[in-house]
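Trainee: My questions will all concern the structure given below.
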Amino acid sequence: MSRTRIVKGKITEIVENDYNIFSESNIVDNAAEMVTDKGERNGVIYGKTKTFEGLGTKSCDYIPPSVGKGSCNYYVDRFKNFMKRHTDCLHTPPVYYYGPLRDIKEKGKLSEYEKAVIRLKVLAQMKLSIFGNVDGHVEIDAAEKKRLQEDNALPQYTKGNKNVIPTPNGSYGYKYCTSFTNELMPRLTKAGQAWLNQAKMDLQTYMEQGVVDKYYISKYNTTYNIKNNLTKSNGVTPFEPKTKINLFYNNIELNNTKFQSFAFATHPDAYNPKKMSILPVQDLFRILLTPDMKEWMGKETWEQAWTMAKNMDYGSVTKASWEELKKDTKESLESAGNKLKSYWDEIFK
């Protein structure tokens, strides 16, 4: 939770006794002209002070243990382990695992984005109300009842003064692991299924390397390595493994943005573009079109796709035509694939 206070004039605070400010992270003071601290009796003292009991940091365990790999429950277990280690503090787990935490008062509620998607589907089916508006309320009500049923089965925790639950459909790791397993896997060839099983395991293995071992360098995503000073531009590690790399991954779970960048960097390595290149073309496009289109609009996902494309065997892909693909798969790709097609054409032009 954050608070921003903007005041055009002055702020004067007068207290009779002590005035204490505590933070689990940093306290930063900025001023256009001068920052002044003055102690009339004992001067100004800098250094460590006692922990504010209200933050409850005593129960935090910052050392994540390994958890079992191999199934989509890996991400649920990583989430539950984090919550177990951070019971009384205000730390929240990476959204990537099992989605953001939300107040239990939000149980059964759909986001505005989800409601808009339902209305668009209804509109596409030409189900219009007598007023000429999209009549999606029946479908939305049904979806919210289903969501409430799902939310009631989720684990409940206390953070601060709120009772909270996770948001699985707002995650990335758990959401796409289950989506790829339940929806994509049956539609792939045997070669594609073998590739997917290995990719799922490798994603979790690389995540353990960063979270538990505190040592991960991407094989294919060199931009990630260089940006975070894990390697030099020539790929050489500029320091001993247990120094700066270890420090970079230390407590990475507590920084959601940093964690998500790391998690996305593992994808090209886990997908293995060399092995992906030999898959039948129908497998390739089914794989690429599985994520929600909104995910393809995110910078991290496009960078991941670009990294994959640069390391694939172009010859095995460029000969495929979209018309032949439609015949082979008996699917219409125009509506969902136009944006991806233009991007694909850009890669292989």
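Trainee: Taking residue 236 as the residue in question, decide whether it is surrounded by fewer than 16 Cβ atoms within 10 Å (Cβ to Cβ) and at pLDDT 90 or above.
Mentor: On the way: surrounded by fewer than 16 Cβ atoms within 10 Å (Cβ to Cβ): yes; at pLDDT 90 or above: no.
Answer is no for this residue.
Trainee: Within segment 190-225, which residues are over 18 Å from residue 252 (Cα atoms), out of contact with any Ser or Thr (no Cβ under 9 Å at 6 or more places or on another chain) and either among the basic types (Lys, Arg) or buried (at least 20 other Cβ atoms within 10 Å of the Cβ) (or both)?
Mentor: 190, 192, 195, 219 - these are the residues of segment 190-225 that are over 18 Å from residue 252 (Cα atoms), out of contact with any Ser or Thr (no Cβ under 9 Å at 6 or more places or on another chain) and either among the basic types (Lys, Arg) or buried (at least 20 other Cβ atoms within 10 Å of the Cβ) (or both).
Trainee: Taking helices (runs of 4 or more DSSP H) that do not extend beyond segment 61-126, which have at least 3 residues that are within 16 Å of the chain's Cα centre (by Cα) and more than 16 Å from residue 150 (Cβ to Cβ)?
Mentor: Details: elements: 73-85, 95-98, 112-124.
Correct list: 73-85, 95-98.
Trainee: Moving to a separate point now. Exactly one condition in (1) at pLDDT 60 or above; (2) open to solvent by less than 70 Å² (accessible area, probe 1.4 Å); (3) outside any loop (DSSP other than H, G, I, E, B); (4) not charged (D, E, K, R) is not met by residue 54; state its number.
Mentor: (1)
Trainee: Pairs under 9 Å by beta carbon, first residue in a loop (DSSP other than H, G, I, E, B) in segment 206-225, partner among the basic types (Lys, Arg), six or more apart or different chains?
Mentor: Listed by first residue and then by second, the contacts come to 214/242; 215/242; 220/310.
Trainee: Name the residue that is nearest to the chain's Cα centre (by Cα), counting only residues in segment 177-189 that are assigned to a helix (DSSP H, G or I) and surrounded by 14 or more Cβ atoms within 10 Å (Cβ to Cβ).
Mentor: First, pick out the residues of segment 177-189 that are assigned to a helix (DSSP H, G or I): 177-187.
Those left that are additionally surrounded by 14 or more Cβ atoms within 10 Å (Cβ to Cβ): 177-181, 184-185, 187.
Details: 177: 13, 178: 15, 179: 15, 180: 16, 181: 18, 184: 20, 185: 22, 187: 26 Å.
Looking at residues that are assigned to a helix (DSSP H, G or I) and surrounded by 14 or more Cβ atoms within 10 Å (Cβ to Cβ), I get 177.
The values are calculated or read from the model by the stated rules, or taken from the named source; none is laboratory data. Just so it is clear, the model here is predicted, and its values are computed rather than measured. Cβ: placed from backbone, ideal geometry, glycine included. Neighbour counts: every protein chain shown. Only protein heavy atoms, including side chains, enter the accessible area calculation; ligands, DNA and RNA are left aside. Shrake-Rupley method; radii C 1.70, N 1.55, O 1.52, S 1.80 Å.
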